[in-house]
Amino acid sequence: MAGIKVHGVPISTTTMRVLATLYEKGLDFELVPVDMKGGAHKQEPLISLNPFGQIPALLDGDLTLFESRAITEYIAEEYSDKGEKLLCQGCKKLKAITKVWLQVEGQQFDPIASKLAYERVFKGMLGMTTDPAAAEELEAKLVKVLDIYEARLSKSPFLAGDCFTLADLHHLPIIYYLMGTESKKLFESRPKVSEWIKKITARPAWVKVLNLQKK
């Protein structure tokens, strides 16, 4: 386990996803800060770790990985005997359901929610102005997705079933940012979604990720 390194920054949604997984597993790791403003992600050594010049990148011994979702699945599989299971390894059917909701997050939720977070949060960080019309259009699209989530979560406390998995964890970074904006009404107006968010954001591993932003 010694030697796990994550190149990234704790305010990055993709880095946060990986950090949350490592904390859920109780693994020791080193966070290697990347000077994004200085363009370090487009230079060596990071460009050799991720040829697309993006964060995060993970090193585990002689293995180098990029793409946050691939990294989290690797961690869950490789360290299946540590910490929270995250993929329901003992049951093929539950694992298959988890995979379905992992795809839902990546293909249905994130493309909309990430753009909405860009409008509501990240534009401000970059000194840009939110486009209200664009935000409203994205919210209308996200509502349709969240209605499906509400129906799903009325049948089980977590997306894949009775246990917390990567399918839930992958949502945390974007939800965290959106819950600090007026878009939080979309989540809070759906009782089951709201209850789910309270559960997953209260997890000790996630609290540790947020504490990194304060350092």
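For region 128-202, what does the accessible surface come to per residue with a 1.4 Å probe? Please give it in Å².
46
What accessible area per residue comes out for region 1-94, rounded to a whole number of Å², with a 1.4 Å probe?
So region 1-94 comes to 50 Å² accessible per residue, rounded to a whole number.
Tell me the carbon and sulfur percent of the accessible area for the chain, rounded to whole percent, probe radius 1.4 Å.
It is 55 percent, rounded to a whole number.
At a Förster distance of 35 Å, what's the computed FRET efficiency of Lys141 paired with Asp35, Cβ-Cβ distance as r, to 0.05?
Working: r = 34 Å, r/R0 = 0.98.
For Lys141 and Asp35, the calculated efficiency is 0.55.
Under 29 Å Cα to Cα from Lys5, which lysines show up? Leave out anything in the same chain fewer than 8 places away.
Here the lysines satisfying the reach criterion relative to Lys5 are Lys25, Lys37, Lys42, Lys82, Lys85, Lys95, Lys99, Lys115, Lys199, Lys208, Lys214, Lys215.
For the chain, give the magnitude of the charge dipole about the Cα centre (Cβ charges: +1 Lys/Arg, -1 Asp/Glu; no others), in debye to the nearest 20.
500
Charges at C-beta only: +1 for Lys and Arg, -1 for Asp and Glu. How large is the resulting dipole of region 8-67 about its Cα centre, in Debye rounded to 20? Please list the in-between numbers first.
On the way: 4 positive and 8 negative charges, 58 e Å.
Approximately 280 debye in magnitude.
Can you compute 3J(HN,Hα) from phi for each residue in region 177-192, using the Karplus curve 6.51 cos²θ - 1.76 cosθ + 1.60 with θ = phi - 60°, rounded to whole Hz and x for Gly and Pro?
After applying 6.51 cos²θ - 1.76 cosθ + 1.60, I find 5, 5, 5, x, 10, 5, 6, 4, 4, 5, 7, 5, 7, 10, x, 6 Hz.
So if each residue of separation counts as 0.36 nm, and I subtract the Cα-Cα distance between Ala134 and Asp62, what length gain in nm does that give?
21.5 nm is the gain from fully extending Ala134 to Asp62.
With the dipole of the chain worked out from charges on the C-beta (+1 for Lys and Arg, -1 for Asp and Glu) around the Cα centre, which of Leu31, Leu138, Ser68 lies farthest toward the positive end?
Leu138
Step through the residues of region 101-112 one at a time and calculate ³J(HN,Hα) from phi using the Karplus curve (6.51 cos²θ - 1.76 cosθ + 1.60, θ = phi - 60°), rounding each to whole Hz and writing x for Gly and Pro.
6, 5, 5, 4, 4, x, 9, 10, 7, 5, x, 7
As an exercise, find the ratio Rg/Rh for region 1-119 from alpha-carbon atoms, using the Kirkwood inverse-distance average for Rh.
Numbers: Rg = 15.0 Å, Rh = 15.2 Å.
Ratio of gyration radius to Kirkwood radius: 0.98.
Could you work out how far apart the two model spin labels at Ile47 and Lys184 are, taking each label as a point 7 Å from the Cα in the direction of the beta carbon, and quote it in nm?
4.1
What is the extension gain from Ala151 to Lys198, computed as 0.36 nm multiplied by their sequence separation minus the C-alpha to C-alpha distance, in nm to one decimal?
15.2 nm
What's the magnitude of the charge dipole for region 83-143 around its Cα centre, counting Lys and Arg as +1 and Asp and Glu as -1 at the beta-carbon? Answer in Debye, nearest 20.
About 540 debye.
The values are calculated or read from the model by the stated rules, or taken from the named source; none is laboratory data. Predicted, not measured: the structure shown is a model, and the values here were computed from it. Quick reminder, even Gly has a Cβ in these numbers, built from the backbone with ideal geometry, and neighbours come from all protein chains shown. Each accessible area value is taken on the protein alone, full model and side chains, heavy atoms only, with ligands, DNA and RNA left out. Shrake-Rupley method; radii C 1.70, N 1.55, O 1.52, S 1.80 Å.
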